Structures are given as C-alpha cells and as structure tokens.
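*Asks:* First the structure, which I've put down as structure tokens, then a few questions once you've had a look.
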Amino acid sequence: MAAPGGENEDARGKTNPEPGKLEFSLDVPFPTSREAEVALCSLSPDREPRKGGISKHLSVSGRTLSVKWSADEARILRVSVNSFLDHLSLVVETMQMFGPPVSQ
C-alpha cells in the first residue's frame with residue numbers, strides 16, 4: 001500500500017522507506033539515560049564493513065537505545081544484527097563489571 005511521499009505501508013501502518021528492503025528494529029532499555037548514552041557512544045563507531053546492502057541507525061531517547069537496520073538480503077541483516085548483539089553484550093558486561101558511568 002503506498003503512503004504519502006511514495007513510501008510503502010505495511011499492514012500495521014508502518015512505512016518502509018524502500019520497497020524490497022528488509023527492516024529490523026531493536027529497543028534496548030537501560031537503568032539510566034547516562035548508561036544508554038555510554039552504550040550509544042561505544043557502539044556508534046562500528047560502521048558496517050560492507051559499503052552497500054545494509055544501513056544501521058542508532059539513537060537514544062531517555063533510557064532507551066534504539067537501533068534500526070535496513071538491508072537488501074536476510075543473510076546480511078542477520079550477520080549485522082548478530083555482530084551488534086555481541087558488541088552490545090560486551091558493553092553491558094563492561095558497565096556491570098566497572099559500575100555505573102560517572103557523570104560528565
């Protein structure tokens with residue numbers, strides 16, 4: 001179904017920017033907004049190694065880190081999400097090991 005602006009709309013009313021793209025979104029709650037910001041800063045430098053076929057957008061709103069992927073192929077999307085989850089796990093374990101981040 002076409003939405004205003006030429007975007008496609010799925011059954012839930014969500015818009016997809018490009019037809020044929022696979023999308024995946026993940027919201028990760030943190031105990032504090034500072035911890036969500038630290039996770040964002042720690043995970044943002046990791047660009048996708050592949051130049052095309054996938055994009056990833058990270059943002060923070062309050063205590064929630066949000067990640068949105070868009071990919072051409074399911075395999076590429078799976079590899080990117082798995083890699084991100086490995087990195088996220090390491091960031092969370094590190095914050096738990098060393099305690100909450102100090103305010104700036």
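The values are calculated or read from the model by the stated rules, or taken from the named source; none is laboratory data. Fair warning: this is a prediction, and the values are worked out from it, not measured in the lab. Note that we place each Cβ from the backbone using ideal geometry, even for glycine, and neighbour counts take in every protein chain shown. These accessible areas exclude ligands, DNA and RNA; they are computed on the full protein's heavy atoms, side chains included. Shrake-Rupley method; radii C 1.70, N 1.55, O 1.52, S 1.80 Å.
*Asks:* Six or more apart or on different chains, Cβ atoms under 9 Å: show the pairs whose first residue is in the range 84-102 and at negative phi and whose second is part of a helix (DSSP H, G or I) and open to solvent by 100 Å² or more (accessible area, probe 1.4 Å).
*Replies:* Nothing qualifies.
*Asks:* Tell me whether the range 52-65 contains one or more residues that are modelled with pLDDT of 95 or more, more than 24 Å from Thr94 (Cβ to Cβ) and of a type in the set (A, V, I, L, M, F, W, C).
*Replies:* no
*Asks:* Scan the range 50-104 for residues that are open to solvent by 70 Å² or more (accessible area, probe 1.4 Å) and part of a strand (DSSP E or B) and report the count.
*Replies:* Looking only at that region, the number is 3.
*Asks:* I'd like to verify a number: residues in the range 25-48 that are more than 10 Å from the chain's Cα centre (by Cα), at pLDDT below 95 and either closer than 12 Å to Phe84 by Cβ or among the basic types (Lys, Arg) (or both), how many?
*Replies:* 5
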